[in-house]
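K.L.:
Can you read through this structure? Questions will come right after.
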Amino acid sequence: MAGKILITGATSGFGRACAEYFAAQGWQLVLVGRRSDRLGQLMAQLGKSVEKIIPLDVRNRDEVFTQLSSLTDIDVLLNNAGLALGLDPAWEVDIDDWDVMVDTNIKGVMYCTRALLPNMVKRNVGHIINIGSTAGDWPYPGGNVYGSTKAFVQQFSRNLRADLIGSRVRVTVLAPGMATSEFSDVRFKGDVESAAKVYEGTDPLVSADIAETVYWVANRPGHVNINSMEIMSIDQAWGPWAVNRTKG
Ligand code: NDP
Ligand code: 8X3
């Protein structure tokens, strides 16, 4: 079943791969991101599949509501726009980085959801797919606020489901582990060596893996709601507890 999907963060990585995958399956796309040049390139590449591009910063509440609340026929909202900034311990981080992560990964998801949800409820059909992260469940050093924003995404998704019981609007949170995209370039602020080290010697997830999974989630029969899904590279798993051994 082809429908219409709005993808935030369509200019790179998972979002771009989802745009390409859904277009190939005959879906109509509304594409959101800040880099308008890249949105224009995607429109040229994907042709008639792209109904609309919306250059937009999801942190801008007024702009999100102005641009998105008039879209009355979106079947799937993919809340994908997001980022990590830095990997420093909590007492050393740049507090501005924390603000940007909270404003993007939490507030951006809230605003886009709130802007589109009324029309989904009115039509009694729709699907909100939120991109969380394994970092929302599993802590790691330097994950401080990034992981916490993704824990929000997970619980927000569940609470939306609780509100939406009785409607045919579905909600899913998809939590990927390490995957190649521009994610680490952004996290390490252009330090390409540090970014490359994250994936060195491994066989990580790639954006196309996420696109296929999002497509599968969106195309279950209408009575099936995938609540949450975690997906990792075969080369990633848990380690032992960190233990501080300082006694003689
Ligand atoms: P990329 O950096 O490749 O893509 C991030 C996308 O988010 C870009 O299209 C960017 O577009 C958009 N974006 C960032 N800030 C804003 C903003 N304020 N307003 C609108 N769009 C914004 O990374 P990924 O594709 O990997 O990341 C996609 C999602 O997946 C994120 O939520 C990330 O946290 C999550 N994730 C990533 C994992 C990974 O290992 N790669 C694993 C688990 C989750 P633009 O700059 O043009 O605005
Ligand atoms: C991205 C995965 O492990 O870098 O959400 O936090 S991780």
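The values are calculated or read from the model by the stated rules, or taken from the named source; none is laboratory data. Here the structure is a predicted model, which means the values were calculated and not measured. Heads up, the Cβs are rebuilt from the backbone with ideal geometry, glycines too, and the neighbour counts pull from every protein chain shown. Surface areas here come from the heavy atoms of the whole protein model, side chains and all, with no ligands, DNA or RNA. Shrake-Rupley method; radii C 1.70, N 1.55, O 1.52, S 1.80 Å.
K.L.:
Among the helices (runs of 4 or more DSSP H) contained in region 33-123, which hold 1 or more residues that are more than 27 Å from Asp191 (Cα to Cα), open to solvent by 70 Å² or more (accessible area, probe 1.4 Å) and out of contact with any strand residue (DSSP E or B) (no Cβ under 6 Å at 6 or more places or on another chain)? Can you show your working first?
P.N.:
Values: elements: 36-46, 61-68, 95-101, 109-123.
Answer list for region 33-123: 36-46, 61-68, 109-123.
K.L.:
Take Gly142 and decide whether it is within 16 Å of ligand 2 (Cβ to nearest atom) and out of contact with any helix residue (DSSP H, G or I) (no Cβ under 7 Å at 6 or more places or on another chain).
P.N.:
Values: within 16 Å of ligand 2 (Cβ to nearest atom): yes; out of contact with any helix residue (DSSP H, G or I) (no Cβ under 7 Å at 6 or more places or on another chain): yes.
When the stated conditions are applied, Gly142 passes them.
K.L.:
Please specify each residue of region 13-32 satisfying the condition of being in a loop (DSSP other than H, G, I, E, B) and open to solvent by 20 Å² or more (accessible area, probe 1.4 Å).
P.N.:
Of the residues in region 13-32, the ones in a loop (DSSP other than H, G, I, E, B) are 25-27.
Scanning region 13-32 gives Gln25, Gly26.
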